[in-house]
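See structure below.
Laboratory data are not the source of any read-out in this text; all were calculated from the coordinates shown. Note that this is a predicted model, so its numbers are computed, not measured. We place every Cβ from the backbone using ideal geometry, glycine too, and count neighbours over all the protein chains shown.
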Amino acid sequence: MERVLAGQYALVVLDVMLPDLDGFEVLRRIRAQTSIPVLMLTARGNDFDRILGLEIGADDYLPKPFNPRELAARLRAILRRASPAQPAGPVLVGDLELDSAAKIARRNGQDLMLTTVEFDLLEMLALAAGQVVPREEIARQVLGREYTPFDRSIEVHVSNLRRKTGLLANGSERIRAIRGTGYLYVVRPKPGSE
């Protein structure tokens, strides 16, 4: 934990089954203080463990046994997402401000504690505000893999984003699911427009 929090590493590969403290608790402690990318590993590949890891803040999850080439590919994808080409200047959408260079998101000036995947997903949706972003595009650009219909990780990340970003000032949802297609970052109409 001390080395992770000291900023000595670009990412963390974290096993769920550790001798003194389970990986989920370690992840909770990491997320309480930093947004360093985390890939979880576990021999327990059931949906519950995978979803729990993603809900707590893991950027990706890989069940054991795994192909070392897949691990390397996922790590490269996480690192790529952690430092993509940056848009010029901050992204501003309503009460939301995203600083791509620093990977900081703010709502009404308050910092949001987002994982790298959550930040990248929010940035992708905010840059396309008012337009539907297909799940396939989110999977490729944010998760670094092809979309599969039974993979619920996008839904878990969106759920976390909704919780962390809250509702719009008028009480409506900020990120809307478009059935069978993808997600939409809602843009409130300007006063006086129809």
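Listed values, structure above:
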{"read-out": "Dipole of the chain, positive end: most advanced residue of 180, 33, 101 [Cβ charges, Cα centre]", "value": "180"}
{"read-out": "Segment residue 170-residue 146, extension gain: residue separation times 0.36 nm, minus the distance between their alpha carbons", "value": "5.1 nm"}
{"read-out": "Shape of the stretch 84-194, Cα gyration tensor, a/c cut at 1.5", "value": "oblate"}
{"read-out": "Dipole moment magnitude, nearest 20 debye, the chain about Cα centre, only Lys, Arg, Asp, Glu C-beta charged", "value": "200"}
{"read-out": "P(r), alpha carbons of the chain - 10 Å bins starting at zero, rounded %", "value": "8, 36, 36, 16, 3, 1, 0"}
{"read-out": "Shape parameters for the stretch 1-83, alpha-carbon atoms, Rg then Dmax in Å", "value": "12.1, 33"}
{"read-out": "Cβ-based charge dipole, the chain, positive-most Cα from 51, 92, 79", "value": "92"}
{"read-out": "Relative packing of peptides 12-21, 124-133 - highest average C-beta neighbours within 10 Å first", "value": "124-133, 12-21"}
{"read-out": "For the chain, share of DSSP beta bridges that run antiparallel, in % to the nearest 5", "value": "70"}
{"read-out": "Distance (nanometres) between label positions extended 7 Å along Cα→Cβ at residue 131 and residue 18", "value": "4.2"}
